[in-house]
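To keep things clear, I will list the structure first and then write my remarks on it.
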Amino acid sequence: MANFYKNAFYDPNTTAAVTVYSCPSNSRAIIQNIQITNEGGSKILQASINDASASTVYQIAYASISGPTICNLATGPVVLEESDSLRLQCNTTTAVSGVVSILEMNRSDQNG
């Protein structure tokens, strides 16, 4: 089993939910941090997990923030199982970006 540290970046061009990271089918992943930067104004942010095994989307975080500021939507580790994905959504596409810090554990010893 190989461990890989990864970043997934969020720079929205739509107000719809965007898949930021998808866990490979041969891996599990731990999301440590979902850091969002708001350069100004008011933003409403949502994070959700698409649970592939249940074919269901679960909202895991919601934040209403005014900027300039930085916030972490993950107040603790979030575990993704095989084929699960993390989705982020913001009510605007301007002056907002983010980075997700991920530890991916791959069973095939290849960088998924």
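Listed values, structure above:
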| item | result |
| --- | --- |
| Zone residues, region 1-39, relative to THR75, backbone N less than 17 Å from point 7 Å out along Cα-to-Cβ | 32-36 |
| Calculated FRET efficiency for the pair THR94/LYS6, C-beta based, R₀ 25 Å, to 0.05 | 0.40 |
| Under-5 Å amide H pairs with ASN33, H placed in peptide plane, nonlocal only | SER101 |
| Under-5 Å amide H pairs with THR92, H placed in peptide plane, nonlocal only | ILE44 |
| Karplus (6.51, -1.76, 1.60) ³J(HN,Hα), θ = phi - 60°, over region 40-52, in Hz, Gly and Pro reported as x | x, x, 9, 9, 10, 10, 9, 10, 9, 10, 8, 7, 5 |
| Under-5 Å amide H pairs with ILE60, H placed in peptide plane, nonlocal only | ALA47, SER48, ILE49 |
| Region 61-66 - phi-based ³J(HN,Hα) in whole Hz, Karplus 6.51/-1.76/1.60, Gly and Pro as x | 7, 8, 9, 10, 10, 10 |
| Of (1) 185; (2) 95; (3) 85, the label for volume of the Cα convex hull per residue in Å³ derived from the coordinates | (3) |
| Gain upon complete extension [THR14, THR56; 0.36 nm per residue less C-alpha separation] | 12.9 nm |
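Values in this text are rule-based calculations from the coordinates and carry no lab data. All figures in this text were calculated on a predicted structure; none of them were measured in a lab. Backbone-built Cβ (ideal geometry, glycine too); neighbour counts: all protein chains shown.
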